[in-house]
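Report on one structure; see the data block that follows.
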Amino acid sequence: QVHLVESGGGLVQAGGSLRLSCAASGGTFRSYGVGWFRQAPGKEREFVAAISWSGGGTLYADSAKGRFTISRDNAKNTVYLQMNSLKPEDTAVYYCARGATNWGSIKDEYAYWGQGTQVTVSS
């Protein structure tokens, strides 16, 4: 069973930066793609970014392009999401997830989820 733990969230002013981490334990992590999703109050969980097992492939939501960077360190079983130029609309709980057999922008492609970390961007 894969256990994912997100960290790095917090309160930041608009224009600031945060780096989220997703640490995995148990099961197999480094052979699978990993995605980041977010959910704001009253809204559906939405895709943010994803990375292939090797790190050679990445995918971003339009809202994240040019501001967020996903990366991974398989030696540490950790995936990161560097978020720059944060906006109030980025406020949400951010979740990481490990892919099932595929990886992409669809929630159903992911088999294991963390509990999330809160990101709040003040204006």
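The values are calculated or read from the model by the stated rules, or taken from the named source; none is laboratory data. What you see is a predicted model, and the numbers here were worked out from it, not measured in a lab. Here the Cβ is made from the backbone with ideal geometry for all residues, glycine too, and neighbour counts use every protein chain on show. Each accessible area value is taken on the protein alone, full model and side chains, heavy atoms only, with ligands, DNA and RNA left out. Shrake-Rupley method; radii C 1.70, N 1.55, O 1.52, S 1.80 Å.
Suppose the filter is part of a loop (DSSP other than H, G, I, E, B), in contact (Cβ under 8 Å) with a residue 12 or more places away in the chain and either under 17 Å from E6 (Cα atoms) or not basic (K, R) (or both); does Q115 pass it?
It is true that Q115 is part of a loop (DSSP other than H, G, I, E, B), in contact (Cβ under 8 Å) with a residue 12 or more places away in the chain and either under 17 Å from E6 (Cα atoms) or not basic (K, R) (or both).
From N84, N102, grab the single residue that is open to solvent by 40 Å² or more (accessible area, probe 1.4 Å) and under 15 Å from S31 (Cβ atoms).
N102
Given the conditions (1) among the β-branched types (V, I, T); (2) over 14 Å from G116 (Cβ atoms); (3) in contact with a Gly (Cβ under 6 Å, 6 or more places away or on another chain), and given that V93 satisfies all but one, which numbered condition is not satisfied?
Against the list (1) among the β-branched types (V, I, T); (2) over 14 Å from G116 (Cβ atoms); (3) in contact with a Gly (Cβ under 6 Å, 6 or more places away or on another chain), V93 comes up short only on (2).
Would you point out the residue of the range 49-69, among those that are part of a loop (DSSP other than H, G, I, E, B) and in contact with a Leu (Cβ under 9 Å, 6 or more places away or on another chain), that is surrounded by the most Cβ atoms within 10 Å (Cβ to Cβ)?
Step by step, filter the range 49-69, then rank; the result is A64.
If I ask for residues that are part of a strand (DSSP E or B) and under 17 Å from E46 (Cβ atoms), which ones from the range 70-98 would you list?
Correct list: I70, L81, M83, A92, V93, Y94, Y95, C96, A97.
Kindly indicate the residue of the range 2-23 that is aliphatic (A, V, I, L, M) and under 22 Å from A111 (Cα atoms) and also most open to solvent (accessible area, probe 1.4 Å) among those meeting that condition.
Filtering the range 2-23 for residues that are aliphatic (A, V, I, L, M) and under 22 Å from A111 (Cα atoms), the one most open to solvent (accessible area, probe 1.4 Å) comes out as V5.
Only one residue in G35, G26, G16, G10 is under 18 Å from N102 (Cα atoms) and in contact with a strand residue (DSSP E or B) (Cβ under 9 Å, 6 or more places away or on another chain), so which one is that?
G35
Mind listing whichever residues of the range 24-48 are within 14 Å of S71 (Cβ to Cβ) and either part of a strand (DSSP E or B) or open to solvent by 60 Å² or more (accessible area, probe 1.4 Å) (or both)?
R30, V34, G35, W36, V48
Inspect all residues belonging to the range 2-20 and state whether any of them is in a loop (DSSP other than H, G, I, E, B) and not small (G, A, S).
Scanning the range 2-20, I find at least one residue that is in a loop (DSSP other than H, G, I, E, B) and not small (G, A, S), so the answer is yes.
Which condition breaks for C96 when tested against (1) open to solvent by 20 Å² or more (accessible area, probe 1.4 Å); (2) on the phi < 0 side of the Ramachandran plot; (3) of a type outside the set (K, R)?
It is condition (1) that C96 fails.
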